[in-house]
Amino acid sequence: MLRHLWVATKMMIIVIVVLGFAYPLVILGIAQVAFPSAANGSIVAVDGRPAGSVLIAQGFSSAKYFQPRPSAAGAGWEASASAGSNLGPTSKALLHTVEARVASATAENPGLATGTVPVDMVTASGSGLDPDISVANAVAQASRVAKARGLSEGQVQALIEQRVQGRTLGFLGEPRVNVLTLNLALDALGRSR
């Protein structure tokens with residue numbers, strides 16, 4: 001019995017060392033060499049200071065910025081509390097939440113009517129941290145952003161078009177726009193004027 005216990009203990013120690021330490025360190029090393037930006041969180045720096053990650057959404061509350069999808073992660077866009085709302089399509093709470101978001105979106109974005117609100121403007125993603133919005137969502141916010149920044153709608157539309165990312169591998173998902181990079185481009189445009 002003691003012999004079996006000793007073998008099991010040795011195997012447990014070996015598995016912990018190999019799978020708990022050695023394997024993660026090897027994968028981290030490979031990632032640092034092959035994909036250094038992604039391995040370090042895809043952090044975008046502005047003037048040498050981190051502005052955010054292109055992989056994790058963050059809230060923008062000013063009318064001068066494009067807004068990400070709503071978040072169910074903690075108090076909003078908390079990476080440590082990543083989660084969906086777990087409300088299903090028959091949930092009255094979800095219906096009321098979406099109705100309130102539609103009312104808010106139509107009030108904040110000129111020209112946006114109740115029947116034309118993009119679905120990703122009023123529903124949270126599964127993680128609550130989706131960094132991208134649909135092209136329709138970005139276009140729906142363009143008028144508000146242009147007015148708040150004193151830009152023409154054409155200038156804002158051009159920034160959106162420049163930042164549209166196509167489907168992954170050409171066929172997966174939908175075209176999308178990263179909110180952080182779009183907002184940073186707006187800030188850069190404001191500095192260059």
For region 173-187, pairs from a residue that is under 16 Å from Val46 (Cα atoms) to a residue that is aromatic (Phe, Trp, Tyr), with Cβ under 8 Å and 6 or more apart or across chains, are Val179/Phe60; Val179/Phe66; Leu182/Phe66; Asn183/Phe60; Asn183/Tyr65; Asn183/Phe66; Leu186/Tyr65; Leu186/Phe66
Number of the condition not met by Asn86 [criteria: (1) in a helix (DSSP H, G or I); (2) of a type outside the set (A, V, I, L, M, F, W, C); (3) more than 29 Å from Gly190 (Cβ to Cβ)]
(1)
What helices (runs of 4 or more DSSP H) lie completely within region 1-64 and have 1 or more residues being farther than 21 Å from Ser127 by Cβ and among the polar types (S, T, N, Q)?
2-17, 23-34
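To keep it simple, each residue is scored yes or no on (1) surrounded by fewer than 17 Cβ atoms within 10 Å (Cβ to Cβ); (2) outside the structural domain of Gly173 (by TED's automatic domain parsing).
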| position | (1), (2) |
| --- | --- |
| Ile16 | yes, yes |
| Pro36 | yes, yes |
| Gly48 | yes, no |
| Gln58 | no, no |
| Ala79 | yes, no |
| Ser82 | no, no |
Which numbered condition in (1) out of contact with any helix residue (DSSP H, G or I) (no Cβ under 9 Å at 6 or more places or on another chain); (2) on the phi > 0 side of the Ramachandran plot; (3) surrounded by fewer than 17 Cβ atoms within 10 Å (Cβ to Cβ) is the only one that Leu95 fails?
(2)
Identify the residue in region 147-193 that is of a type in the set (Lys, Arg) and loosely packed, with under 12 Cβ neighbours inside 10 Å and, among all such residues, is modelled with the highest pLDDT.
Arg167
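The values are calculated or read from the model by the stated rules, or taken from the named source; none is laboratory data. Fair warning: this is a prediction, and the values are worked out from it, not measured in the lab. Glycine also receives a Cβ, built like all others from the backbone with ideal geometry; neighbour counts cover every protein chain displayed.
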